[in-house]
Every structure is written in structure tokens, then in C-alpha cells.
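The values are calculated or read from the model by the stated rules, or taken from the named source; none is laboratory data. All of these numbers come straight from a predicted model, not from anything done at the bench. Please note: Cβ atoms are built from the backbone with ideal geometry, for glycine as well, and neighbour counts cover all protein chains shown. Ligands, DNA and RNA are stripped out before the accessible areas are found, and what is left, the full protein with its side chains, is counted by its heavy atoms. Shrake-Rupley method; radii C 1.70, N 1.55, O 1.52, S 1.80 Å.
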Amino acid sequence: MNLIKRIKRGWSREYFRNNFLLILIITFIPGIISGVGIQWFGVTAVKGELRERHTIQIAETAEMVDDQLEYLELSLSYWAFEKRFGPDLLDRNFVKDVLETRDMMQLLTVIQGSHPLIERVELYINKDDEPLLFSPFYSKVKPVEYAYYQSLLKSDHSMGWTHQEQPRSDREESTILSHSIPGASQMPLGMLSVTLDQEKFGQLIQTLKTDEQGITFIMDSRQQMIAPGMDSTDAHFVSALKNELSQLESNSGSIEYAYNGDSYSVSFGQLDRVNDQWTYVSAVPLSAITAPIEWISKSIVFISLTGLVVALILTWFGSQTIYRPVERLIEKVQKENDGDEPDNPQGEFTMLEEGFTQLYQERQRLKSRLTSETPQLQKSFLIQLSQGYFYQQTKQQLTERMENYGWKIEGHAFRVIDIQAIGMDEGNHSFITSDEGLITFSIQNIVEELCEKYFDQFSVLDNYDLSVSLFLIEQSAHTQAIRSFVQELSSIVNRLLKLQLIISVSESSNQVKRIHALFEETRQGKYQRRFKNQNQILFLEEAPKEHKRNQSSYPFEIEREVIQSIRKGDREEIHHQLERFLNQLVSHAKTWGSIQMGMLQLFSRIQHEILHSDIHLEEIFSNRNLYSELSIIKEPVRMLSWLETKVIEPYLAHLKERVNQEAKGLVDDVIAYLKAAYMDDISLDHCAEKFETNAHTLSRSFKKVTGTKFIDYLTELRINTSKKLLIETNLKIHEVAEQVGYRHSYFNRIFKKSVDLSPSDFRKKYGQ
């Protein structure tokens with residue numbers, strides 16, 4: 001009785017009833033009809049599905065290949081505008097000037113290592129008397145190479161791709177990207193070119209092949225093959241396939257192509273290159289996949305006869321048990337993909353697969369992006385923190401931000417180490433002045449490699465003045481490890497760079513608000529060194545008590561608060577902090593000279609802040625001798641008034657005028673860029689980098705000029721565009737999402753949050 005009740009309850013469900021009847025009908029159809037039906041219709045459907053999936057997969061892979069080549073083009077364009085490739089190349093004597101020749105070879109070596117596809121970088125200089133070629137080593141130009149580069153210089157385009165099937169000299173077949181130099185010159189004086197590594201380029205092209213038996217190739221607009229290495233047997237197939245594709249009107253898509261009795265799924269599309277258009281083609285055989293289906297279709301003739309009894313029993317069980325969790329999953333996927341109904345109502349598992357694939361891909365993309373950008377975000381935050389820009393934030397706010405950037409803060413302490421290189425001017429002729437940046441970069445690399453050996457959490461900042469700062473997060477005090485670290489670091493720098501180091505090690509502190517002070521103390525601590533050209537290691541927590549007592553007579557902490565209030569432009573706060581500074585200075589000073597030196601020190605710090613904001617003193621103070629004016633004032637209160645009225649007030653007024661103009665121009669440029677590229681993957685950090693500013697400045701300027709946040713403006717722009725597409729076009733929901741720069745599932749959520757309607761409901765309500 002219970003079984004009968006359960007069957008009746010299951011029979012009342014539409015999905016159970018439909019599938020029960022469907023299975024019965026199928027099992028009663030003679031087996032031969034089932035086999036023939038699967039033979040004719042099943043194989044065709046599988047082929048179509050495989051071809052569709054093959055097209056999608058190849059399109060995604062082609063986008064990756066396009067990104068690699070586009071990055072290479074952008075990199076070469078960037079290097080072509082390098083000032084070292086300017087007009088003065090013609091005036092240089094690379095034979096006599098060994099240093100200049102060495103620098104040029106080093107620069108070309110750096111370019112060669114900047115991208116994994118580059119095998120060789122060449123610089124051709126078209127001197128009238130004697131053309132030169134760096135490859136990357138200096139050499140004279142051979143006649144074949146001279147003719148090749150002259151043909152490129154006569155081209156109407158400054159940048160382009162060429163594929164050399166015949167060697168220019170003793171070189172093999174190669175694919176070359178070249179750019180005239182200087183980058184913006186109408187009369188180029190030479191050519192900068194990169195030759196691709198044919199093996200790696202071939203491996204990149206082979207990523208378009210989804211099956212070992214498949215074939216893939218790329219050809220340019222002249223139907224010239226760009227494919228390193230191809231068997232002669234493949235060449236016949238490729239030639240026949242090219243003829244077939246040339247008869248098609250479309251430049252992209254997929255077809256089923258028959259060749260020598262085999263069926264192939266062929267996907268093709270366009271890769272837009274500089275001054276050219278490449279076509280990628282990928283073919284995968286379908287016959288090997290469909291052969292088992294044909295054998296199965298014959299077996300079904302026998303199986304269908306014996307499966308009737310089993311089908312009667314399992315139909316009810318399957319509908320009741322198996323479909324229940326599937327149904328719950330479908331409901332969740334439909335919520336994520338609201339408004340985009342599947343073309344086939346019975347394709348639940350296909351819809352589930354596509355939904356989970358989209359979620360997984362989005363998760364991997366976000367995870368990869370976060371992982372790649374976290375170190376740069378950490379350094380950007382730490383630079384601002386070391387300069388005191390977050391001084392007004394609370395301990396909890398700073399702790400949360402640091403934990404969000406991936407640092408482990410709970411139960412840890414902080415320490416800062418300042419590393420200053422000296423000795424360049426003490427008879428050390430192995431470097432020239434222009435090598436300072438390279439030296440600092442080398443020291444930074446050495447420090448980072450050693451830190452991997454000694455410390456768990458660290459970050460290295462390049463100060464661009466032959467010094468770097470090392471920020472450590474310690475679980476416990478590692479004084480001995482730090483001593484071993486600085487000793488090994490000094491030894492390596494002494495041996496490799498022939499320079500000495502002044503290393504200032506701060507005290508250990510578990511207060512996150514003290515981090516800025518630790519950076520400041522290490523910068524000040526290096527001035528305690530003895531005036532000798534030798535390695536010196538200063539542990540500031542071990543400084544003599546008498547020195548610490550004397551050091552506290554100058555109110556460094558209040559000085560930082562004065563600078564912070566100037567940065568905020570709060571005049572009342574500036575006045576209050578200046579009064580605190582003066583009171584502290586007077587209370588600890590023993591003589592008038594101490595007070596005067598303290599005020600001069602404060603004025604010097606304010607002047608440094610003005611210069612740091614990229615403002616020349618002459619713009620504000622003309623030719624006034626400010627130090628002389630301050631020195632002749634003999635009353636502390638008048639000194640304070642002079643600083644406020646004669647220095648700070650003019651600076652703030654000038655800064656406000658300049659910031660307003662710069663902010664408006666910056667925001668106008670950003671808005672124009674957003675309107676043109678809103679469909680791309682755009683972020684605040686991306687825009688800040690593009691317009692050569694930082695994310696904090698751009699965010700503040702955008703809010704000030706437009707009255708809205710950057711992300712809110714971008715979201716509103718995308719949502720408004722998507723509304724127009726939903727009303728005026730027949731694009732599917734996921735296609736609309738892609739056109740406005742969103743992933744499908746995220747687009748549904750953000751649209752519903754902004755409009756209070758799902759995309760499909762909005763289209764039904766307002767569409768034509």
C-alpha cells in the first residue's frame with residue numbers, strides 16, 4: 001500500500017510523468033528504429049555540439065594568443081619612444097665610445113628579456129657613411145640586411161610584422177616585428193626590430209589545437225603561412241583547407257570539412273595586428289569521436305528489448321531520487337543567470353555545466369588578478385604609509401587594510417631597516433652617474449633574495465637615491481637573524497658592486513601607528529654614522545641613552561602632525577599643531593640658539609614638503625631669501641606667525657589653485673577614456689596607472705569634480721548602456737553583459753541592484 005501511495009504521489013509530478021511516458025515510448029520502439037535514429041541524428045547532434053564547443057574553446061585560446069602578441073606590440077612601441085633611440089644616435093661613435101656601446105647592448109638585452117617570445121632584438125642605424133647594426137652586439141651591416149632594413153624604412157607604416165621564409169643572411173625562417181625610430185619621427189633614422197623565438201611561437205600557435213590529431217596554423221592577409229614547421233602530409237591538407245576557406249564570405253566562424261574520408265570541425269577567426277590582419281585556423285577530426293557512437297547505436301537494438309522491465313522500475317526511482325538534487329542546483333543556477341533561459345528546456349545538465357564553468361572561470365580570473373596585483377598593492381600602500389599619508393587613520397583601520405593586503409598582523413611586531421649605499425665617488429670608477437637607478441635596483445633584488453632566506457613577511461621599497469627600505473613583520477624579535485642578514489648583505493654588495501652600506505635598523509614595535517615613525521627614525525638614524533667610507537650597521541634601539549635624551553628635545557612627533565595638517569589644508573589644525581610644536585620646543589630648549597635651530601629645522605621640513613609636491617619655491621616666493629627672513633626674527637611667537645602667513649598660507653593657496661585645475665583636467669581625460677572603453681576590464685588602479693597618477697589621488701579628484709565615486713560612475717555608465725541594448729536590440733542577456741564589460745552572473749546581480757529589476761524583466765517591461 002505504501003508503495004502504491006508513493007507511486008501515485010510521484011505520478012502527480014509533471015517531470016516524473018513526462019519522463020515515465022517518454023521512457024516507455026522509447027523502449028517500445030523497435031530496437032532497429034532506435035539504432036537507425038541514433039545513427040542518423042545522434043551523430044549529427046554530437047558533431048554540431050563538438051563543433052560549437054571547439055569554436056568557443058578556440059576563440060578563447062585565440063584571445064590569449066592575441067593578448068600575447070598585442071603586449072609584444074605595445075612593448076616594442078614603448079621602447080621605440082625611448083630617449084636613447086633619439087636623433088643623437090647618428091652623432092654617436094660606437095666604435096670609440098665603449099661605454100655608450102656597452103649601454104646600448106645592455107638596453108637591447110633588457111628588451112630581449114622583457115617578453116618570452118623574443119629570441120633576438122636588433123637595432124639598425126641608417127648612417128650615411130656606414131650603417132650600423134646591434135643584434136644585440138655591435139656589428140657591421142651585411143648587404144642582405146641593408147636591403148631588408150632599407151625596404152622597411154621606405155614603408156608607409158612606422159610599425160609592422162614581416163615573415164621571412166627565405167633567410168636574410170645565414171638565419172632561418174623567422175617572424176619579425178619592427179618599429180622605426182625615433183617613435184614619432186616622420187623621417188626615421190633607423191629601425192628597432194624583434195625576432196620571435198620560432199620554437200616558442202610555434203608552441204603558442206599549437207595551443208589553438210585541442211586534439212593531438214588536429215592541425216592549426218596562422219596566415220597573414222597575403223595568405224602567407226605563419227607557422228613554424230609543418231609536415232609535408234599536413235601541407236596538402238592545409239592547402240586544400242585554405243582553398244575552402246577562401247570561398248567563404250565570413251572572416252570568422254566554424255564549418256564541417258570533409259577530407260580523404262574524414263570529417264573535421266574547422267574553427268577560424270581574425271587576429272588584428274599592426275598594419276595587418278592574421279587569420280587563425282584550427283581543425284580537429286570528428287570521425288574518431290563519432291565511431292563509438294555508431295557502434296553503440298547498433299548495440300541499442302538488443303539492449304532496448306531487454307531494458308523494458310528495468311525501465312519501468314527505474315523510471316519512478318530516478319524521477320524521485322536522482323532529479324531532486326538536480327532540480328535544486330538548477331534553481332540556484334537560474335538565479336545566477338536570471339533572464340537567460342536555455343535554448344533547449346531539456347538541457348539541464350548542459351546549463352549546469354555552463355553555469356558552473358562560468359563561476360569557476362570568474363573565480364580563477366579574480367584569484368589570478370588578486371594574486372598578481374597584491375605585491376604591487378602592498379608596496380603602494382606601504383609607500384603612502386611610510387610618508388605619513390595614513391597618519392590620521394585609527395589603529396583598527398590600518399590593521400584591517402594591512403590584513404586585506406595579505407599581511408598577518410595579529411601577534412606580530414614591525415621593524416624597518418634603511419639600507420644606504422655609499423662609495424660611488426670614492427675612487428670607484430666601475431659606475432657612472434646614470435647607473436644610480438641600476439645600482440638601487442640591483443641592491444633591491446639582492447635584498448629581496450636574502451629576505452626569502454631569513455624572513456617570512458617582508459616588503460622592499462626602492463627609494464631611488466642609492467637606498468632601499470626593508471619593512472619586516474616579525475612574530476618575535478629576530479635580532480640575531482637580522483644581524484646575520486645585514487652581515488651577509490654587506491658582504492655581497494661589497495663583493496659584487498664594490499660599494500659600502502650604511503644600515504639603520506629600527507627598534508621593534510607592535511604598534512601599527514608607529515610604522516611611519518619607524519621609517520622616519522631609520523631615515524634620520526643614518527645621519528648618526530661615523531664619517532668613514534666603510535660598512536656601518538646602526539641598531540637604533542641600542543643607541544646611547546644620552547643620545548636618545550638629546551634627541552627627544554626636538555618634537556619630531558609633533559613635526560609629523562604639522563606636516564599632516566598642512567597636507568589636509570586644515571588651517572585651524574595647522575595653527576594648533578604649530579603652537580604645540582613651539583611650546584614643546586621652548587620647554588626643552590636651553591638657549592635661544594636651540595629654539596632658532598628648531599624653528600629652522602621645522603621650516604626646512606615644510607620646504608621639503610613643498611618641493612615634494614612638485615612646486616618650485618620661485619613660483620610662490622619669487623626670489624625671497626626665506627632662511628634670512630626667519631633668522632632675523634628673535635621672538636618665537638613672531639616666528640610662528642611668519643611661518644603661517646608668509647610660507648604656509650601662500651603655499652596652500654597656490655596648491656589649491658593648481659590642484660583644482662589638474663584635478664579637472666585629469667578627471668575629464670578619465671571620463672573620456674571610460675566612455676570609449678567601458679566594455680573593457682577597467683579598474684581604479686588601471687586608470688591611475690594609465691594616466692600616471694596613484695589610485696588615492698584619482699579617487700579623491702574624481703569624487704571632488706563629479707560628486708560621485710569612480711566605481712559608481714563606471715557602473716552607472718555600463719548600466720545605462722545595457723538598458724539601451726536591452727530595449728533596442730535582440731541580443732541575449734549574456735551578450736549584453738559582455739558588451740558592457742561584465743561577467744554574466746555578476747551583471748545580473750549588479751543590474752538588479754541598480755534598477756530593482758532583472759535584465760529579462762526590464763526588457764519585458766520596457767522593450768518594444
Could you please let me know if Gln457 is open to solvent by 20 Å² or more (accessible area, probe 1.4 Å), in contact with a Phe, Trp or Tyr (Cβ under 8 Å, 6 or more places away or on another chain) and either at pLDDT 75 or above or over 30 Å from Arg560 (Cα atoms) (or both)?
yes
Test Ser604 against the criterion of being open to solvent by less than 60 Å² (accessible area, probe 1.4 Å) and either out of contact with any helix residue (DSSP H, G or I) (no Cβ under 7 Å at 6 or more places or on another chain) or outside any helix (DSSP H, G or I) (or both), and give yes or no. yes
*Inspect all residues belonging to the range 292-300 and state whether any of them is open to solvent by less than 40 Å² (accessible area, probe 1.4 Å), over 30 Å from Leu74 (Cβ atoms), more than 40 Å from the chain's Cα centre (by Cα) and modelled with pLDDT of 80 or more.*
no
Of the residues in the range 460-489 that are crowded, with 19+ Cβ neighbours inside 10 Å and under 16 Å from Ala413 (Cα atoms), the one that is farthest from the chain's Cα centre (by Cα) is Ile482
Exercise. Is at least one residue of the range 62-78 surrounded by 13 or more Cβ atoms within 10 Å (Cβ to Cβ), among the aliphatic types (A, V, I, L, M) and modelled with pLDDT under 80?
Worked result: no
Listed by first then second residue, the pairs whose first member lies in the range 403-420 and is among the β-branched types (Val, Ile, Thr), whose partner is open to solvent by 20 Å² or more (accessible area, probe 1.4 Å), with beta carbons under 7 Å and at least 6 positions apart or on separate chains, are Ile409/Thr399; Ile409/Glu403
Within the range 670-682, of all residues that are at pLDDT 85 or above and out of contact with any Leu (no Cβ under 8 Å at 6 or more places or on another chain), the one nearest to Gln739 (Cα to Cα) is Met679
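For (1) under 25 Å from the mean Cα position of the chain (by Cα); (2) loosely packed, with under 14 Cβ neighbours inside 10 Å; (3) modelled with pLDDT under 90; (4) among the hydrophobic types (A, V, I, L, M, F, W, C), each residue gets a yes or a no:
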{"position": "Ala663", "(1), (2), (3), (4)": "yes, no, yes, yes"}
{"position": "Asp668", "(1), (2), (3), (4)": "yes, yes, yes, no"}
{"position": "Ala688", "(1), (2), (3), (4)": "yes, no, yes, yes"}
{"position": "Ser699", "(1), (2), (3), (4)": "yes, no, yes, no"}
{"position": "Thr708", "(1), (2), (3), (4)": "no, yes, yes, no"}
{"position": "Gly741", "(1), (2), (3), (4)": "yes, no, yes, no"}
{"position": "Phe747", "(1), (2), (3), (4)": "yes, no, yes, yes"}
{"position": "Leu757", "(1), (2), (3), (4)": "no, no, yes, yes"}
{"position": "Ser760", "(1), (2), (3), (4)": "no, no, yes, no"}
How many residues of the range 577-590 are open to solvent by 80 Å² or more (accessible area, probe 1.4 Å) and under 24 Å from Leu385 (Cβ atoms)? The answer is 1
Those residues of the range 64-94 that are without any contact (Cβ under 8 Å) to a residue 40 or more places away in the chain and β-branched (Val, Ile, Thr) come to a total of 0
Condition set part of a helix (DSSP H, G or I) and of a type in the set (A, V, I, L, M, F, W, C), scope the range 128-149, selection surrounded by the fewest Cβ atoms within 10 Å (Cβ to Cβ): answer is Ala147
Counted residues in the range 138-161 being within 13 Å of Val274 (Cα to Cα) and of a type in the set (Phe, Trp, Tyr) come to 1
Practice task
Check the range 732-754 and report whether any residue there is more than 23 Å from Asp680 (Cβ to Cβ) and of a type in the set (Gly, Ala, Ser).
Solution key: no
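Yes/no matrix, rows are residues, columns are (1) touching a Pro at 6+ places or on another chain (Cβ under 7 Å); (2) at pLDDT below 80; (3) on the phi < 0 side of the Ramachandran plot:
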{"residue": "Val333", "(1), (2), (3)": "no, yes, yes"}
{"residue": "Thr357", "(1), (2), (3)": "no, yes, yes"}
{"residue": "Pro375", "(1), (2), (3)": "no, yes, yes"}
{"residue": "Gly388", "(1), (2), (3)": "no, yes, no"}
{"residue": "Ala413", "(1), (2), (3)": "no, no, yes"}
Sole miss for Glu692 among (1) at positive phi; (2) more than 28 Å from the chain's Cα centre (by Cα) is condition (2)
Of (1) touching a strand residue (DSSP E or B) at 6+ places or on another chain (Cβ under 9 Å); (2) open to solvent by less than 70 Å² (accessible area, probe 1.4 Å); (3) modelled with pLDDT of 80 or more, Asp262 satisfies every one except (3)
Reported set for the range 365-398 where residues are closer than 23 Å to Glu541 by Cβ and in a helix (DSSP H, G or I) is Leu382, Leu385, Ser386, Lys395, Leu398
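Step by step: first the residues of the range 109-127, then only those that are assigned to a loop (DSSP other than H, G, I, E, B) and either farther than 21 Å from Asp88 by Cα or at pLDDT 85 or above (or both), then the one that is most open to solvent (accessible area, probe 1.4 Å). Which residue is that? Let's see the steps before the verdict.
Going through the range 109-127, the residues assigned to a loop (DSSP other than H, G, I, E, B) turn out to be 113-117, 126-127.
In the following step, the residues that additionally are either farther than 21 Å from Asp88 by Cα or at pLDDT 85 or above (or both) were identified as 113-117.
Values: Gly113: 66, Ser114: 47, His115: 7, Pro116: 82, Leu117: 11 Å².
Only one residue tops the list, namely Pro116.
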Subset of the range 354-390, residues of a type in the set (Phe, Trp, Tyr) and under 18 Å from His696 (Cα atoms), comes to Phe381, Tyr389, Phe390
Taking the range 608-643 and keeping residues closer than 14 Å to Leu655 by Cβ and either assigned to a loop (DSSP other than H, G, I, E, B) or open to solvent by less than 60 Å² (accessible area, probe 1.4 Å) (or both) leaves Glu609, Ile610, Ser613, Asp614, Ile615, His616, Leu617, Ile620, Phe621
